[in-house]
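Reviewing the structure listed below.
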Amino acid sequence: MGLFDFFSSDIAIDLGTANTLIIHKEKIVVDEPSIIAIDKTNNKVLAVGREAMNMHEKTHENIKTIRPLKDGVIADFYAAEQMIRGLIKMIPGHNKGMFPQSHRMVICIPSGITEVEKRAVRDSAEHAGGKEVYMIYEPIAAAIGIGIDIEKPMGSMIVDIGGGTTEIALIALSGIVADQSIRVAGDTFTKDILDYMRRQHNLLIGERSAEKVKIAIGSALTELDDAPEDYEIRGRDLMTGIPKVIKVSYSEIAFALDKSVSKIEEAVLKALEIAPPELSADIYDNGIHLTGGGALLKGLDRRLHQKTKLPIHIAEDPLRAVVRGTGNALKNINNFRTVLMT
């Protein structure tokens, strides 16, 4: 360990639309919502992550909460940079030394990203203190994270359903052979629930409540074997304007999410269609791996199985698969040079 190593610290970042995770010294040290609260009067950062999430949709006119990423890419450059900075500050033991640390960073990006969007990620990371910034495609990171040996001439199919995008990729020989990236994912599900409650029950609910419903009873099928309990949603009655509570069942939510889940199904089928036949043979044996928060949607594996007739595997701890893979790529940076972009 040279003198330089002493001051520098390597970090792996999964910069997500909904959550950002950071690995440092092979441990997940930060796992926070991707949101920041800013004081409008002086543009100062008031809170980052969970603390800002608790303020979301409850602010007065001098505070605004911003989610800097939309559909997997940076929508608000200043806020993204401040958020990355704030999250890096949360790393335990950060900046203990007298010198400011320079970071070697690996950040994952959606596979359907444009050059301009890629540039925005790199610039934000550099402004937030990244000395060497590497980028890795999310589906590849997810594959590494669930323990697939990506270098083999063997096809693996990853369906990574995040907050902003669903990444579907066929991976072989350390690269993406065929991919589909669609902007239908966790946020879309949340919005579907919000709209459904307004249309069907005349109940106005916030994003956070809709998210809670999705996590508690969100489902891809109207009939599940182990049905979750009905869930109470609080919101404002549109007829009277008074707060009220309504009970909803998972079947209703499955109905609300149906269109969006169908879009994901279609994208999976499309990716299978454009796969080279030799790799199709591999996928028939290995099946499809689901990662990302959307993989936790109840009954999604069964629904995809009915559609494709292929074995569907849900990754263990799917929310962290991508960041684990990014961390592994960072740890064995020399082995994974082929999949990292600068």
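Look at segment 136-152: where a residue is closer than 15 Å to residue 118 by Cβ and a partner is open to solvent by 50 Å² or more (accessible area, probe 1.4 Å), sitting 6+ places away or on another chain with Cβ atoms under 7 Å, you get 137/176; 140/176. Scanning segment 225-257 for residues that are without any contact (Cβ under 8 Å) to a residue 24 or more places away in the chain, under 24 Å from residue 296 (Cβ atoms) and not hydroxyl-bearing (Ser, Thr, Tyr) yields 225, 226, 227, 229, 230, 232, 247.
If we only count strands (runs of 3 or more DSSP E) wholly inside segment 155-251, which ones have 3 or more residues that are open to solvent by 30 Å² or more (accessible area, probe 1.4 Å)? If you could, list the steps in order and put the result at the bottom.
Working: elements: 156-161, 166-172, 175-182, 231-237, 243-248.
Correct list: 175-182, 231-237, 243-248.
Being over 21 Å from residue 270 (Cα atoms) and not aliphatic (A, V, I, L, M) holds for only one residue in 236, 183, and it is 236.
Residues checked against (1) under 18 Å from the mean Cα position of the chain (by Cα); (2) polar (S, T, N, Q); (3) at pLDDT 90 or above:
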| site | (1), (2), (3) |
| --- | --- |
| 97 | no, no, no |
| 102 | no, yes, no |
| 108 | yes, no, yes |
| 136 | yes, no, yes |
| 144 | yes, no, yes |
| 149 | no, no, yes |
| 159 | yes, no, yes |
| 162 | yes, no, yes |
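Counting only helices (runs of 4 or more DSSP H) wholly contained in segment 272-342, the ones carrying 1 or more residues that are in the same structural domain as residue 25 (by the TED database) occupy 321-331. Out of the residues in segment 119-147 that are of a type in the set (Val, Ile, Thr) and closer than 14 Å to residue 341 by Cβ, which is surrounded by the most Cβ atoms within 10 Å (Cβ to Cβ)? Among those residues, the one meeting the criterion is 140.
On inspection, residue 279 fails the criterion of being in contact with a Leu (Cβ under 8 Å, 6 or more places away or on another chain), surrounded by 15 or more Cβ atoms within 10 Å (Cβ to Cβ) and more than 23 Å from residue 111 (Cα to Cα). Among the criteria (1) under 24 Å from residue 165 (Cα atoms); (2) without any contact (Cβ under 8 Å) to a residue 40 or more places away in the chain, the one residue 111 does not fulfil is (2).
A quick yes/no check of all residues on (1) touching a residue at least 40 places away in the same chain (Cβ under 8 Å); (2) assigned by the TED database to the domain that holds residue 13; (3) in contact with a Lys or Arg (Cβ under 7 Å, 6 or more places away or on another chain); (4) among the polar types (S, T, N, Q):
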position: 92; (1), (2), (3), (4): yes, yes, no, no
position: 102; (1), (2), (3), (4): yes, yes, yes, yes
position: 117; (1), (2), (3), (4): yes, yes, no, no
position: 124; (1), (2), (3), (4): yes, yes, no, yes
position: 161; (1), (2), (3), (4): yes, no, no, no
position: 164; (1), (2), (3), (4): yes, no, yes, no
position: 167; (1), (2), (3), (4): yes, no, no, no
position: 170; (1), (2), (3), (4): yes, no, no, no
position: 175; (1), (2), (3), (4): yes, no, no, no
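The values are calculated or read from the model by the stated rules, or taken from the named source; none is laboratory data. Quantities reported herein were computed from a predicted structural model and do not represent experimental measurements. Backbone-built Cβ (ideal geometry, glycine too); neighbour counts: all protein chains shown. SASA here: full protein model, heavy atoms, side chains in, ligands and nucleic acids out. Shrake-Rupley method; radii C 1.70, N 1.55, O 1.52, S 1.80 Å.
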